[in-house]
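Data block below; observations after.
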């Protein structure tokens, strides 16, 4: 089990993790605080860089009735904070090949018919740790504005917290993912520089260098990449 060692002389603060009181060093993230207190974090941990969305969490602060939402790897613990990681919510996730769907706009309602049942409550937006206007993205998808969805949800990390609050029982992040795929497949021009690079890879232009790198030891790779 991974254990986190706090810096010497760090000020200790009081927090509650899963309902139990702990003293942890100030300056830790929620994940680091769980490591420090001996929690074996298996579910709810991934990239530790705020990208994968695995560490969705909820917390409260003393004297404040609000329930806050966060990514546990990016949020520092504070005095009196009470927090828990959120279990994965069951999600309606359609399986499809976007290239095989004749009409992407009609396909949305075939795969996600619930996307037309938004109650306009805005709970999904309130819960999003990325500050995305989730409600707007659902309406954009329902009206076929897939470009708008792509722009609105570009910072989505697929944490699924929106699923936990939606009273229409939909999965807004999956609907947005479908819309982004449809936009990239049907409307967005393929980047010419990417096409050129793909052609270079396919032609074997980098095979020799890749073979050289694959023969290096871990220490040699660190030296090659300038990693200390």
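Wrap a convex hull around the Cα atoms of region 1-98, take a quarter of its surface area, and give that in square nanometres. Numbers along the way, then the final one.
On the way: hull surface 32.4 nm².
That works out to 8.1 nm².
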Final fewest-first order of 43, 173 on the 10 Å Cβ neighbour count is 43, 173
With springs only between Cα atoms under 10 Å apart, run a GNM on the chain and tell me which of 51, 127, 41 wobbles the most.
41
What number, rounded to the nearest 500 deg cm²/dmol, is the helix-based mean residue ellipticity at 222 nm of the chain, given -39500 (n - 2.57) per DSSP H run of at least four residues and division by all its residues?
-10000 deg cm²/dmol
Here the gain from full extension of residue 120 to residue 169, 0.36 nm per residue of separation minus their alpha-carbon distance, amounts to 16.4 nm
Using a Gaussian network for the chain with springs between C-alpha atoms less than 10 Å apart, which of these wobbles most: 145, 97, 207?
207
With a 10 Å cut-off between alpha carbons and a GNM built on the chain, which of 151, 211, 21 moves the most?
211
Using 0.36 nm times the number of residues separating residue 184 and residue 216, minus their current alpha carbon distance, what extension gain do you get?
7.8 nm
Shape call for region 98-186 from the C-alpha gyration tensor, a ≥ b ≥ c root eigenvalues: rounded (a/c under 1.5), prolate (a/b greater than b/c) or oblate?
prolate
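Work out, step by step, the length gained on full extension between residue 42 and residue 155: first 0.36 nm times the residue separation, then minus their alpha carbon distance; give nm to one decimal.
On the way: separation 113, 0.36 × 113 = 40.68 nm, distance 2.47 nm.
Computed gain between residue 42 and residue 155 is 38.2 nm.
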Mean projected area, convex hull of alpha-carbon positions in the chain, reported to one decimal in nm², is 17.2 nm²
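A short reminder: the numbers here are calculations on the coordinates, not readings from a lab. Everything quoted here is computed from the prediction, not taken from an experiment. All Cβ positions, glycine included, derive from the backbone under ideal geometry; neighbour counts span all protein chains shown.
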